[in-house]
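The structure appears below as structure tokens.
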Amino acid sequence: MGAMPDATDTDGLTVGQVSMRLGATVRALHHWDEIGLARPSLRTTAGYRLYTARDLERLHRVVVYRELGVGLDDIRSILDDATEVSAALRAQRTQVAERIDRLQRLGAGLDRMIDAHERGLLLTVEQQTAIFGPAWNPDWPAEARRRYGDTEQWQQYAERSASRGPEEWQAVADSVAALERALGEAMDAGVAPGDPEANRLVERHREVFAAYFPLTRRMQVCLGRRYEADPGFAAHYDGIRAGLATWFRRIVDADARAHGIDPDTATWE
């Protein structure tokens, strides 16, 4: 906050001179004049308005309260009615406290988002094992970050992860497990690629997978190929049902063809 103006040398100051003394913009001074909050009292013979020492003192008080975040209407009440000062300042203090609380919550949210982008899962090793099962490797999120950290899909995954705690991740894990059971049961029942039930499962897979990031049909084709070709993924799906990885790839390919996509040329897009 600036020093109080010297009343001995401030009669007849132009708006530009007042702006320099108080650090307020000329635009702000004009606005305060227009709304009657702080007006210059003098006029030159040419009609230019000038500020007196008294005007400058009022302007200084306006600047002080503006720096405290007080609104212009409240400043008017403070300056024109001394009985309103404490009430207005208390109200401003309440608003400041609310803003501080919002900023603290925002800061905590940003911290979680940063952690999610860097770590993927905001869960302890114990929580990961409890949710995803004993076969889960806690090193997998870090490995995925190294492989895919510069991709749009990792960013989308991190944004979802930042808002999830153990209960939300348990719901995701339950949805995945239910889908995998349904895939195994459909294969056992002889559901063939291209059958309506197979296509519904392909659609369900995309919906469940959206817990991580949006999955297009072309991306799903690429993922189906990986499930079959990658030893780790193949072992997981074939552990549910022998041959499930290949069957899943086939039903995804059939669904893609039904939507005008050639599985042999599909790319991650």
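Taken together, the values in this text are just the output of simple stated rules run on the coordinates, not laboratory data. Quantities reported herein were computed from a predicted structural model and do not represent experimental measurements. Heads up, the Cβs are rebuilt from the backbone with ideal geometry, glycines too, and the neighbour counts pull from every protein chain shown.
What the table below lists for this structure:
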quantity	calculated
0 to 90° range, to nearest 10: angle between helix 53-67 axis and the chain longest Cα axis	20
Distance histogram for region 136-185 (every C-alpha pair counted, 10 angstrom bins, percent rounded to whole numbers)	21, 41, 34, 4
Residue exposure sequence - VAL18, VAL96 - by fewest surrounding Cβ within 10 Å	VAL96, VAL18
Degrees between helix 217-229 axis and first principal axis of the chain (Cα, 0 to 90, nearest 10)	50
Phi-based couplings in Hz for region 162-179 (Karplus 6.51, -1.76, 1.60; Gly and Pro marked x)	4, 9, 10, x, x, 5, 5, 5, 4, 5, 5, 4, 5, 5, 5, 4, 5, 5
Descending principal axes extents, region 1-133, alpha-carbon based, whole Å	87, 32, 25
Kirkwood hydrodynamic radius over Cα pairs of the chain, then Stokes diffusion coefficient at 10 °C and 1.306 mPa s, in µm²/s	65
Per principal axis, descending, Cα span of region 15-80 in whole Å	36, 22, 19
Overall form of region 215-269 per C-alpha gyration tensor (a/c, 1.5; a/b vs b/c)	prolate
For region 148-160, 3J(HN,Hα) per residue [Karplus equation, 6.51 cos²θ - 1.76 cosθ + 1.60, θ = phi - 60°, Hz, x = Gly/Pro]	10, x, 9, 9, 5, 5, 5, 4, 5, 4, 5, 5, 6
Spread of Cα-to-Cα distances over 5 Å intervals beginning at zero, given as percent, for region 165-258	3, 15, 24, 27, 21, 8, 3, 1
Gain on full stretching of the segment that runs from ALA235 to ARG146 - 0.36 nm per residue minus C-alpha separation	29.8 nm
C-alpha long axis of helix 196-209 to longest principal axis of the chain, angle in °	40
18 Å cut-off, amide nitrogen to a point 7 angstrom out along GLN153 Cα→Cβ, residues in region 111-135	117-121
Computed E for GLN104/THR44 - FRET, C-beta separation, R0 45 angstrom, nearest 0.05	0.30
Relative contact order (%) - criterion: Cα under 8 Å, at least six apart; region: region 100-234	22
GNM flexibility winner over the chain from VAL70, VAL176, VAL202 (Cα, springs under 10 Å)	VAL70
Residues whose placed amide H lies under 5 Å from that of ALA38, excluding near-sequence neighbours	ASP33
